[in-house]
Amino acid sequence: MPTINQKQINQSLNIVNTIIEAAEHFQGLVRKKEKNQAIFILGSIVDGIQALNQNGYINSTHQNLSGKLEKNLLLIAKNIENDKSTKILEITQFSLIPNLKKLQLLFEENNHINKEKEQIKIGVYGIQNPLLYYPQPRIEAMVKESEKQNAILYFFGDNDVNFSEKMIDAVSYQNGEKKQVTIPFPDVINNTSAKKTHIGRKLLRTVPFTNYFHVGNKISLPQRLVQTRNKYVKLLVPFQLCHNKEKILNFIESNNKVVFKHLEANRGENIYFVTKKKHRYILLDQKKENILVAEEFEKWLDDIILNQKGSYIIQKYIHTRTKNNEPYHIRSHVQKNASGKWQVTYIYPRIGNKKSNLSNISTEGRIEDFHEFLMNEYGDKQGKKYAEDILKLSIDVAWNLDKLYGMAIDELGLDFAIDDKGKIWMHEANNGPQTAFHEDQRAVNTIGYAKYIYKNGIVHSLSANSIQKNQFNSHTSNLSTRHHMGKKLLGLIVPNIAQITPLQRALISSAEMENIDICLIRPNDIDFENLLIRGHFYDRENQEWKPSISSYPDIILDELKAKDNEHLKFVYEELENIPFINHWSNQIVNIPELYQQLEKNEKLAPLLPNYARIKKLRDVFHWVNKYHSIKLILEAEDEIMYINQLQNNKFEVISQQKTQVFSEFQLTQHFEKILVKKRVIVEADTYEFPRKQFNLHLIRDININKWNIANVTFQTANNGNELLHTNQISFLNSDEKQIDIDEFNSIEANLMEYSELIAAAIQDYYSMLPLNELEITFQLSKDNEIAISKVNPCGPAYTLHPERYAKLVIKLGVQLISSNEVL
């Protein structure tokens with residue numbers, strides 16, 4: 001294919017790959033008999049083939065294939081008119097897709113031939129030119145290795161990029177000389193910057209990056225692991241973010257010896273060790289020790305740790321010392337290599353001074369050989385076993401984290417240590433490990449992986465798979481720009497734009513009093529490239545939401561609550577650096593896991609029902625035969641049903657839709673239809689009727705770490721049917737006469753105490769997922785016994801008292817904005 005240049009080959013490959021994806025999607029739509037969508041996708045396939053022909057990407061070598069593809073499409077169109085789905089599937093599967101893949105293969109063959117011959121241009125990019133902060137040995141190692149691998153490096157920053165001309169001003173090293181050059185965009189970019197700028201995002205859309213996501217500071221990675229329920233959470237040392245003195249003191253009480261670390265701590269700086277002995281606190285800063293009484297220690301917390309709330313973490317101290325009582329950890333530097341695979345580039349123990357608690361080599365420490373160290377410390381057999389385990393963990397953890405971040409990480413520094421009980425812990429993971437002892441080895445993989453990305457046409461882009469086709473683009477929009485004139489902006493993530501709700505009206509009213517602007521944001525309202533949104537602002541005069549271009553919000557209230565939705569992850573990843581008022585997704589809660597944490601508290605344990613996760617249908621009958629009345633909870637659907645055992649081996653099933661009576665055989669068939677492949681919890685329903693329910697909706701005040709009541713609702717029921725279908729009454733509506741306020745007042749203190757214990761248990765266990773909103777339902781039997789009926793960290797779907805809720809949410813939002821500005 002001599003008449004097509006490299007740029008055309010790349011473009012044609014991208015087009016063909018997109019057409020193949022569309023064809024496979026078309027196939028699925030035909031199977032589902034979704035005719036209209038299938039026709040739409042077929043149109044995009046036709047457009048793609050025409051683009052290849054019109055731009056000259058299909059030359060005489062491929063004309064035969066081109067003709068076949070056109071015949072395939074004509075036959076498919078004809079059979080769509082005649083509604084012959086079986087014939088459409090046959091043509092698509094056995095003719096269209098195979099022909100597209102043949103064309104793809106021809107382009108790929110030519111692509112590899114061209115790329116093997118040329119010298120690859122690798123851009124080394126940062127917000128500032130990396131030459132300003134890279135150590136000289138690293139620069140020299142990378143330049144030397146690039147020459148060996150037939151590549152040339154160009155160092156540049158944001159100010160060096162010219163998008164209109166698609167050129168960069170860069171520094172290059174050629175034949176030992178440092179030169180300032182102006183060149184077209186490089187073939188591939190090695191990204192050194194953790195922050196995402198407008199320039200970086202635009203480059204990412206244009207040039208393949210070797211890496212894009214960074215695992216963040218000491219709190220962002222653990223948060224991501226917890227949110228995704230990652231199996232490697234168990235490697236992390238227990239810790240929490242320092243926001244509140246009371247919680248810090250409770251953590252110390254539970255763990256006795258702790259470590260405070262600044263989120264941006266490195267080289268042993270801003271790290272403090274604290275040991276509590278009776279009423280005194282031993283504070284160690286590197287080698288300097290102070291003994292403080294309680295009052296002095298609390299003042300130190302205020303002055304240092306809480307001076308900027310949320311800037312430190314408190315971590316359980318893990319005893320990891322050598323036989324000579326020297327602190328240590330094992331640094332494993334892992335990288336993707338020239339084959340795109342993770343490998344351990346360099347691994348070594350970092351051993352500190354025995355008079356210190358720090359194993360950082362910048363504080364009078366040293367390094368040793370990895371295998372020799374483990375053999376000396378643990379003996380040949382156990383040392384070898386630890387070495388194998390840590391090497392395997394290095395690759396497994398790297399691969400796992402890479403997957404979490406969209407396969408867009410290329411190197412990691414992982415810190416492991418073995419405690420005095422033989423357990424392996426992971427202290428930290430970061431993107432920029434120190435490599436002073438192995439710059440040459442690092443450079444081999446850095447250059448090799450950049451070449452791999454280029455040769456294989458891999459693009460790490462936010463838009464590659466997730467961003468919707470109708471995503472907002474501010475450059476092509478005619479909307480006016482909204483300027484907030486010194487106001488902060490609260491963004492409400494919503495599924496769609498509709499008539500204003502009572503809650504939204506209340507939020508606007510409360511926000512105005514705090515000088516805050518409010519807008520609605522849908523997932524497709526984000527312009528990722530330009531860091532702008534299409535915000536929908538309320539027009540009081542016309543009583544409707546009107547769109548305007550706006551900057552990103554300062555704070556977010558998530559009404560969509562879809563962090564666990566695979567198709568919407570890109571939205572939450574984009575906004576992860578903005579404080580969320582409510583962090584919990586509708587799908588995060590695992591009820592048995594939650595109850596297990598509550599059971600650990602001696603006051604809460606008696607209030608919980610007997611429960612279990614249903615594994616087989618017969619388990620339901622075992623429970624109903626044992627307790628006669630049970631409650632089934634469908635976790636994902638947030639649906640409840642009651643099952644009562646009647647006489648003559650009949651069963652009453654009360655759902656939110658209707659009440660039915662079944663025989664055992666009929667009930668089995670019914671459950672096979674509605675319960676199979678669903679997460680189902682069974683609870684014993686032992687409280688007799690009549691019973692009452694109090695539902696508390698709580699919002700946190702992070703400044704004083706207390707919970708405020710947003711609403712309390714009341715419900716009384718004589719049976720399960722009334723429990724599911726009787727409307728709740730708000731205590732905070734003064735015109736309600738159906739309830740006895742004094743009755744709630746008599747138990748309010750108990751309910752609030754239990755609520756705060758529940759909140760503390762949740763926050764302690766899910767320490768990396770801030771809990772700011774909570775819904776709890778308590779049952780009250782006819783004998784006034786209190787039981788926990790429901791715990792929902794996501795908050796209710798709606799509120800009966802929007803004005804009070806809005807005031808508390810805005811107050812919390814102001815606190816979170818203030819806390820984030822300090823950081």
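What follows is calculated from the coordinates using simple rules that are stated; it is not laboratory data. Note that the coordinates shown come from a computational prediction; the quantities given were computed from them, not determined experimentally. Cβ coordinates were reconstructed from backbone atoms using ideal geometry, including for glycine residues, and neighbour counts include every protein chain displayed.
From least to most packed, judged by other beta carbons within 10 angstrom and beginning with the fewest, HIS484, HIS567, HIS329 follow the order HIS567, HIS484, HIS329. Take the Cα radius of gyration of the range 610-684 and divide it by 2.2 N^0.38 Å, N being the number of residues; the result is 0.98. For the range 238-316, the normalised intensity computed at q = 0.18 Å⁻¹ comes to -0.66 (log10 of I(q)/I(0), Debye sum over alpha carbons, equal scatterers, no solvent). Be a star and scan the range 315-331 for residues whose amide nitrogen sits under 18 Å from the point 7 Å along the Cα-to-Cβ vector of GLU368. Under 18 Å, as judged by backbone N against the label point of GLU368, lie 319-331 of the range 315-331. Non-local lysine pairs in the range 120-206, meaning eight or more places apart or on different chains, with alpha-carbon distances under 17 Å, amount to 8.
Near the amide H of MET768, within less than 5 Å, lie no amide hydrogens of residues on another chain or at least 5 residues away, with H placed in the peptide plane.
Can you list the GluC sites (Glu not before Pro) in the range 389-455 that are in a DSSP coil and have 14 or fewer other beta carbons within 10 angstrom?
Details: sites: GLU411, GLU428, GLU439; in loops: none.
Here no GluC sites (Glu not before Pro) fit, given the DSSP loop and packing criteria.
The stretch between LYS234 and PHE665, if pulled fully straight at 0.36 nm per residue, gains 150.8 nm over its current Cα-Cα span. Distance between the modelled labels on THR206 and ILE183, one decimal in nanometres: 1.5 nm (7 Å Cα→Cβ projection). Extension gain for SER254 to MET485 (0.36 nm times residue separation, less C-alpha to C-alpha distance): 78.4 nm. Rounded if a/c is under 1.5, else prolate if a/b beats b/c, else oblate: with a ≥ b ≥ c from the C-alpha gyration tensor eigenvalues square-rooted, which is the range 478-574? It is prolate, given that a/c is not under 1.5 and a/b is the larger ratio.
Compute the separation of the alpha-carbon centres of the range 642-679 and the range 520-539 and state it in Å as a whole number. Using only Cα atoms, the two centres lie 46 Å from each other.
Pairs spanning more than 28 Å between alpha-carbon atoms, out of LYS231/LYS569; LYS231/LYS561; LYS546/LYS706: LYS546/LYS706.
The residues LYS600, LYS336, when put in order of fewest to most other Cβ atoms within 10 Å, stand as LYS600, LYS336.
Can you sort TYR378, TYR449 so the residue with the fewest Cβ neighbours within 10 Å comes first?
Sorted ascending by nearby Cβ count, the order is TYR378, TYR449.
Under 14 Å from the Cα of LYS677, which aspartates and glutamates turn up, not counting those fewer than eight places away in the same chain? In chain and number order, the partners are GLU635, GLU637.
The helix-based estimate of mean residue ellipticity at 222 nm for the chain, built from -39,500 (n - 2.57) per DSSP H run of four or more residues and divided by its residue count, is -11500 deg cm²/dmol to the nearest 500.
The length gained by stretching the chain between ASN625 and GLN645 to full extension, at 0.36 nm per residue less their Cα-Cα distance, is 6.5 nm. For the range 372-530, lysine pairs with C-alpha atoms less than 28 angstrom apart, excluding pairs fewer than eight positions apart on the same chain, total 18. Between ASP783 and ASN708, the simple spin-label model (points 7 angstrom out along Cα→Cβ) gives 3.9 nm. Using the Cβ-Cβ distance between THR476 and ILE424 with R0 set to 41 Å, the FRET efficiency from 1/(1 + (r/R0)^6) comes to roughly 0.20. Under the simplified labelling scheme, the LYS278-LYS35 pair shows an inter-label distance of 8.7 nm, with each label point 7 Å from Cα along Cα→Cβ. As a calculated quantity, the FRET efficiency between LYS546 and ASN325 at R0 = 60 Å, using C-beta atoms, amounts to about 0.30.
Projected onto its three principal axes, the C-alpha set of the range 148-230 covers 49, 33, 18 Å, listed from the longest axis down.
For ALA194 and GLU140, FRET efficiency with R0 = 22 Å and r from the beta-carbon atoms, rounded to 0.05?
On the way: r = 24 Å, r/R0 = 1.07.
It comes out at approximately 0.40.
Restricted to Cα atoms, the range 328-455 shows a radius of gyration and a Dmax of 15.2, 51 angstrom. Anisotropy class assigned to the chain is oblate, per the alpha carbon gyration tensor with a/c at or over the 1.5 cut-off and a/b no larger than b/c.
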